[in-house]
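The values are calculated or read from the model by the stated rules, or taken from the named source; none is laboratory data. Since the model is a prediction, treat every value here as computed from it, not as a measurement. FYI the Cβ positions are ideal-geometry reconstructions off the backbone, even for glycines, and counts take in every protein chain you see.
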2 protein chains.
Amino acid sequence: MTPMNRRILLASRPQGAVAPDNFKIEQVPLAPLAEGQFRVRNHYLSVDPYMRGRMNDVKSYAEPLALGDVMTGGTVGEVVESKHGGFAVGDKVTGVFGWQDYGTSDGAGVRKIDDTLVPATAYLGVAGMPGVTAWYGLNKIIAPRAGQTVVVSAASGAVGSVVGQLAKLAGCRAVGIAGGAEKCRYVVEALGFDACVDYKAGNLYRDLKAATPNGVDGYFENVGGEVFDATLARMNPFGRIALCGMIAGYDGQPVPLKQPSIILTMRLLVQGFIVTEHLALWPEALGTLVALVAQKKLRYRESIVEGLERAPEALMGLLQGKNFGKQIVKIA
Amino acid sequence: MTPMNRRILLASRPQGAVAPDNFKIEQVPLAPLAEGQFRVRNHYLSVDPYMRGRMNDVKSYAEPLALGDVMTGGTVGEVVESKHGGFAVGDKVTGVFGWQDYGTSDGAGVRKIDDTLVPATAYLGVAGMPGVTAWYGLNKIIAPRAGQTVVVSAASGAVGSVVGQLAKLAGCRAVGIAGGAEKCRYVVEALGFDACVDYKAGNLYRDLKAATPNGVDGYFENVGGEVFDATLARMNPFGRIALCGMIAGYDGQPVPLKQPSIILTMRLLVQGFIVTEHLALWPEALGTLVALVAQKKLRYRESIVEGLERAPEALMGLLQGKNFGKQIVKIA
């Protein structure tokens, strides 16, 4: 019996918000391995905001997915079949195998993981792409000194939670922005941020001002829109802004920045970045992150839904801010 | 008879556009020099966009002027009286002596100039603060490689004209944006830019696209507003934007940036800067600029009005884009 592979395709491009009919699930037989290839059974799929951008047909940092392509995504899993000298059956690996049961690879972009050091799912979050994103933006763009104030939006999320904890470890005042009292409580009480501002409470600028009495020296931006406007107005001279996400604009509506002149008057640095363009730094970043997780100095929270078929639901929830912690789909 | 000093004060803060009654001219007797001081007869006053910002009472990179303060401004002139060992009567100097006939100094911030190498007024423009501004933004922020495309707004102005010429000398494609056919013709024919887009012609984005067939790698922003929006939409990945001026917002109205998400998707660097915060680099910059002017490799144009009493008119004209070339007031 030929083994079958379930996979989820981009069926149509979203008009505004992502909808269930933008996806299609299908089941196809697996092709036999060629020499130099190996097959991975995907166990967990990472669900991330960038996926929304890939569903559009517009010029961006990554080629858009074509209609009919398997949805892209980072995964962890186990090698179940191999004709590759470097990967053996039983190896635990992480790679970008997408929204499907099985992936096939020649090894490019696949890393072995040690799930005895930290749990496998951590390699999709705090010790994976989101963690390295946080590490890069904080250390290579914001580069804060002890005593400075660092603000991060989407603070309870996979990236934001790491940004604030790394800032605290660097001796900074860490202030989060998140949606809702529960997330804010988590950010302060479980993650150890100095403060967290609930942007849904209706007094964003006033509350942020109260939480940043000495202004803001570094800002890690995951959101855009009014949160960006409010934080920009709190920046100190020579502040640095790591621009990582603009989730509010992913549905295509323009989200203006109200007072860009502050970038000039405060002599700010604003740097957009994509962590996959800085692969040379990943080993250093991952070494640090895995060690901190193993030492319990870096905490994280996951939101795991069961079943590949629920991946669209997980992405839609993420884009609406419904998840709480790193969004993961358990495939097997 | 005590010598008298005419000076122009900030009489009131502008409500919107600068108006004549925001200024007051008065004549006061000169105080005797103290030991260690010298007196300068101001010959020329530089008129620059930053002056508008100093007239507001808002948090910015410089302390606002107080009501009743002498209007600030760079000058060139000649030492006419000295109790200072380093400055002798007859020395030609440049400093920030403001809108008045005479300045008094202990030497801080005053440089001697050689007006046999290049004319004295050049030290207020191409070989002064505007020139160094261009040099810094181009070399230290944009840092273009030969063959790349550099765009500069307010291209016929004191800063913009130097940016484009330095970019050409660095082997780049230099594209200006200016207001009106006459300025654009000057930018291309007299200054040697590859192209110049007339933003008043009504097809800004289309014309800019045609002038930048390979996209834009470096952008020197002197203006803000729709010019910023249009150029941002033409940026190549990893482009650099030196943010030097946002003249459109100086009257207080907010000028939003329509698509800040491009900074992320194109992984751009945006850096606001103020050239007076990089004084350590001035000698290197000025050495280069004076040499290029003396060799006729750097061209410039001046717009000189006669009479200190006409400085308000010169500033208002500058802010309305009426000047053509570096705006200067001849005081004596």
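Tabulated results
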| read-out | value |
| --- | --- |
| Long-range neighbours under 7 Å by Cβ, at least six apart or interchain, first residue on the phi > 0 side of the Ramachandran plot within the range A:167-185, second assigned to a helix (DSSP H, G or I) | A:Gly180/A:Lys200 |
| Residues being among the β-branched types (Val, Ile, Thr), more than 16 Å from B:Glu302 (Cα to Cα) and in contact with a Pro (Cβ under 9 Å, 6 or more places away or on another chain) - total across the range B:141-185 | 2 |
| Test: residue in the range B:93-105 that is closer than 29 Å to B:Met4 by Cβ, surrounded by fewer than 18 Cβ atoms within 10 Å (Cβ to Cβ) and touching a strand residue (DSSP E or B) at 6+ places or on another chain (Cβ under 6 Å) | yes |
| Residue within the range A:293-308 that is without any contact (Cβ under 8 Å) to a residue 24 or more places away in the chain, more than 14 Å from chain B (Cβ to nearest Cβ) and of a type in the set (A, V, I, L, M, F, W, C) present | no |
| Of all residues making up the range B:189-226, the number that are modelled with pLDDT of 95 or more, within 14 Å of another protein chain (Cβ to nearest Cβ) and out of contact with any Lys or Arg (no Cβ under 9 Å at 6 or more places or on another chain) | 2 |
| Criterion: within 15 Å of the chain's Cα centre (by Cα), buried (at least 18 other Cβ atoms within 10 Å of the Cβ), hydrophobic (A, V, I, L, M, F, W, C) and more than 25 Å from A:Glu306 (Cα to Cα) - qualifying residue of A:Ala122, A:Ala134, A:Ala127 | A:Ala134 |
| Some residue of the range B:113-126 being out of contact with any Leu (no Cβ under 9 Å at 6 or more places or on another chain), farther than 17 Å from B:Arg299 by Cα and assigned to a helix (DSSP H, G or I) | no |
| Residues satisfying the stated conditions in the range B:290-315, i.e. outside any strand (DSSP E or B) and hydrophobic (A, V, I, L, M, F, W, C) | B:Val290, B:Ala291, B:Leu292, B:Val293, B:Ala294, B:Leu298, B:Leu308, B:Ala311, B:Ala314, B:Leu315 |
| Failed item in (1) surrounded by fewer than 15 Cβ atoms within 10 Å (Cβ to Cβ); (2) under 16 Å from the mean Cα position of the chain (by Cα); (3) more than 14 Å from chain A (Cβ to nearest Cβ), with B:Glu277 passing the rest | (3) |
| Hits in the range B:241-264 (condition: within 9 Å of another protein chain (Cβ to nearest Cβ) and at pLDDT 90 or above) | B:Ile241, B:Leu243, B:Cys244, B:Pro256, B:Leu257, B:Lys258, B:Gln259, B:Pro260, B:Ser261, B:Ile262, B:Ile263, B:Leu264 |
| Tally, over the range B:145-174, of residues that are of a type in the set (A, V, I, L, M), buried (at least 24 other Cβ atoms within 10 Å of the Cβ), farther than 18 Å from B:Val47 by Cβ and in contact with a Cys (Cβ under 7 Å, 6 or more places away or on another chain) | 2 |
| Close pairs (6 angstrom Cβ cut-off, 6 or more residues apart or separate chains): more than 12 Å from A:Gly164 (Cα to Cα) in the range A:136-152, surrounded by fewer than 24 Cβ atoms within 10 Å (Cβ to Cβ) and of a type in the set (A, V, I, L, M) anywhere | A:Tyr136/A:Val275 |
| Pair list, Cβ < 8 Å and 6+ apart or interchain, from the range B:228-239 residues that are within 11 Å of B:Thr212 (Cα to Cα) and buried (at least 20 other Cβ atoms within 10 Å of the Cβ) to residues that are among the basic types (Lys, Arg) and at pLDDT 95 or above | B:Arg234/B:Lys209 |
| Output for the range B:59-85, where each listed residue is under 17 Å from B:Arg41 (Cα atoms), part of a loop (DSSP other than H, G, I, E, B) and out of contact with any Phe, Trp or Tyr (no Cβ under 6 Å at 6 or more places or on another chain) | B:Thr72, B:Gly74, B:Lys83 |
| Test: residue in the range A:139-158 that is more than 30 Å from A:Gly192 (Cα to Cα) and among the aliphatic types (A, V, I, L, M) | no |
| Condition met for B:Gly103 (more than 14 Å from chain A (Cβ to nearest Cβ) and either over 30 Å from B:Ala154 (Cβ atoms) or assigned to a strand (DSSP E or B) (or both)) | yes |
